[in-house]
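Presented below is the structure to which this report refers.
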Amino acid sequence: MTDPTALARPLRSVLYIPASKERALEKARGLACDAIIFDLEDAVAVGEKANARSLLGETLKSGGYGSRMKIVRINGFDSAWGEDDARAVALMDADAVLLPKVETVAQLDALAAITGELPIWAMMETPRGMLNAAAIAAHPKMQGFVMGTNDLAKELNTRFRADRLPMMAGLGLCLLAARAEGIAAIDGVYNAFKDDEGLRTECEQGRDMGFDGKTLIHPAQLAIANECFAPSVVEIDLARRQIEAFEAAEAAGEGVAVVDGKIVENLHIVTANRILAQVSAIAEMA
């Protein structure tokens with residue numbers, strides 16, 4: 001059984017930062033994000049790949065990112081830069097390495113052979129990746145999934161829908177795999193960074209589904225993601241009352257309690273403890 005506090009580390013907001021942009025790297029030190037994906041892949045032009053790799057190494061060495069989780073997205077091993085990226089990240093002050101377009105366990109083994117004990121995160125963004133999600137999540141170095149919804153939409157040949165119905169099967173498969181193995185699951189980006197209402201709707205949907213947070217493309221999206229993926233005041237109050245009632249019931253020799261007219265069992269207490277652990281973790285980051 002997964003430790004109820006295992007996923008308590010806040011990952012509400014996971015912001016992409018181009019590793020080639022010195023100003024963006026500096027600004028990120030003061031942003032209210034829970035994690036940063038330092039991008040060596042899509043956000044970096046071909047002619048800047050080597051320079052970005054060097055700049056990122058020096059930037060992370062100088063520190064200043066506080067409690068923010070530092071994840072480096074490398075180029076795939078099917079590119080001219082992937083293996084060099086992996087060797088460089090193995091020497092960086094990073095918390096994890098993120099591999100794009102993961103489809104097989106063999107890809108993870110190849111990366112781990114270079115990066116050693118560094119935790120691995122996987123971009124889940126292709127149909128084959130979705131179908132192999134369970135095996136990918138079970139890899140011993142795997143720590144988290146990041147949904148690549150733009151690429152997935154392209155691969156599926158879907159039309160845009162605000163409810164993301166065409167992608168539900170893939171999103172659900174990855175969530176099931178992540179939860180089975182006790183790893184993090186981060187929802188894909190929302191492209192219209194000036195559309196606060198649309199972002200909030202998609203964040204709420206992702207949180208309702210069970211994602212831990214949202215990948216973001218612009219700092220203007222941080223506040224909404226942090227709010228939507230944090231426990232609400234109502235959830236916190238209910239969690240505390242459930243724990244109190246359940247402890248009282250146990251003391252009286254009873255196996256269940258009743259809160260707001262609803263049965264409270266041990267499984268509800270696991271969730272309540274997870275909520276309160278997340279609240280404490282968020283407070284420590286502030």
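Read the figures in this text as sums done on the coordinates, not as results from a lab. Just so you know, these numbers come straight off a predicted model, no measurement behind them. Counting neighbours? That spans all protein chains shown, and the Cβs are built from the backbone with ideal geometry, glycine included.
Quick notes on this structure:
- Rounded to the nearest 20, the Cβ-based charge dipole of the chain about its Cα centre (Lys and Arg +1, Asp and Glu -1) stands at 520 debye.
- Ratio of the Cα radius of gyration of the chain to 2.2 N^0.38 Å, where N counts its residues: 1.05
- Positive dipole terminus of the range 13-228, leading residue within 192, 156, 90 (C-beta point charges): 192
- Residue among 23, 200, 274 with the largest mean-square fluctuation in a Gaussian network model of the chain, springs linking Cα atoms under 10 Å: 23
- Take 76-84, 176-184, 152-160 and order them by the average number of nearby Cβ atoms within 10 Å per residue, most first; the result is 176-184, 76-84, 152-160.
- Rg/Rg_ref, the range 233-285, where Rg_ref = 2.2 N^0.38 Å and atoms are Cα: 1.17
- All lysines inside 24 Å of residue 49 as judged from Cα atoms, apart from same-chain residues fewer than 8 positions distant: 21, 27, 61, 70, 101
- Rounded to the nearest 10 degrees, the inclination of helix 233-251 to the longest alpha-carbon principal axis of the chain is 50 degrees.
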